[in-house]
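Since the structure comes first, as structure tokens, the remarks are kept for the end.
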Amino acid sequence: MGIAHCGLAKTHRIEAVPKARHDKSQPRAYCKWPKDDIVDDDNNDPMRSANAKYKSWLEKHPSALSSFEGMMRGAKDKRIVVFLDYDGTLSPIVNDPDKAFMSDLMRSTVREVATLFPTAIISGRSREKVHHFVKLDEVYYAGSHGMDILGPAKQLESDDRKYQTKTLDNKGNVFTHFQPAQDFLPQIKKMLSELNENTSDVKGVLIEDNMFCISVHHRNVLKEDYGLLKKKVDAVLSKYPKFHLTKGLEVLEIRPTIKFNKGDALLYLLETLGFANSKNVLPFYIGDDKTDEDAFKVLKSRKVGCPIIVSCVPKESLATYSLRNPSEVQSFLMLLARWGADHS
């Protein structure tokens, strides 16, 4: 059984929106079969075995495209809210994080969705960087895994209200700026400097300042150098007991040890949007990384919503549905926008 209002009932297959033609100037979606997942079958055909594993995985996480009609049956009389990761979801995974550009078609699609439904992007990147990539004022932004949120104007009466301030954008619109980890900024700046110095001799490493978290990208680091890099990162981290290390897709991330992640950001935004305890809301969350599992867990616990994992390889996930890559995410968002326009 799936999540309430977003179950796994059999559906008629619908036609997906045609994908945009491949632009050779853009990087291809990162989608390689890990060696550990390729095991020879009886016919000594690794690819056939890998495809069989993915097909089996799809039985537990069916395509959100082919399941769209069934998903939207539960949307009647519900307020849809859309949450999106950025890297690997709206843009392809690339070797250089500074070049993780989303396509113009993806941008226009997200804009169309945001004009119909409240929409937020929750990323491990700094909020400013995500806004620089997305370039849309129609969406809300949560950077640093939700520790830096520019959300609806409503402020919450909670223990965290001291971290909330009112702010205006360039057009004079009022937002609430929420930064629950702001007390950690001085230590983060110090740690950032130490990491840059201590890892400078590891070829290919990239240290990214994401304001309330630090990302150590090792996609371009030689496999034989990864152990050395990890030791250097651990050595710096050992001096900062209020921080912890998590692993993402080819990245090590250092974050303050506070109870706030992408799932908490999702809850915060739902509450500021006025849907905290509402039974008439249907949240969608689309993401590709381990950190997105915190948001999937929240939707599972609420027993309402549609968690969608973006992956072209089998992986453990709390998501109910799946999409293979950003191209399929775009197709799904187009379907959602079309559905919203038809039901508005």
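Values quoted throughout were computed directly from the atomic coordinates according to the rules given, and no laboratory measurement underlies them. Quantities reported herein were computed from a predicted structural model and do not represent experimental measurements. Backbone-built Cβ (ideal geometry, glycine too); neighbour counts: all protein chains shown.
So the values come out like this:
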{"item": "Mean Cα-pair separation over length for the stretch 166-244, i.e. relative contact order, pairs under 8 Å, 6 or more apart, %", "result": "23 percent"}
{"item": "Debye equation applied to the C-alpha atoms of the stretch 38-141, log10 I(q)/I(0) at 0.11, 0.12, 0.19 Å⁻¹", "result": "-0.52, -0.61, -1.02"}
{"item": "Alpha-carbon gyration tensor eigenvalues x 5, square-rooted, for the stretch 183-256, Å", "result": "20, 12, 11"}
{"item": "Within the stretch 59-158, percent of DSSP bridges classed antiparallel, to nearest 5", "result": "30 percent"}
{"item": "Order of Val174, Val205, Val94 - criterion: other Cβ atoms within 10 Å of each residue's Cβ, fewest first", "result": "Val174, Val94, Val205"}
{"item": "Proxy reagent accessibility, fewest Cβ within 10 Å first, across Arg255, Arg79", "result": "Arg79, Arg255"}
{"item": "In the stretch 278-339, the GluC sites (Glu not before Pro) that fall in loop regions by DSSP, at most 15 other Cβ within 10 Å", "result": "Glu316"}
{"item": "The stretch 229-340, relative contact order in percent, only Cα pairs under 8 angstrom and at least six apart counted", "result": "16 percent"}
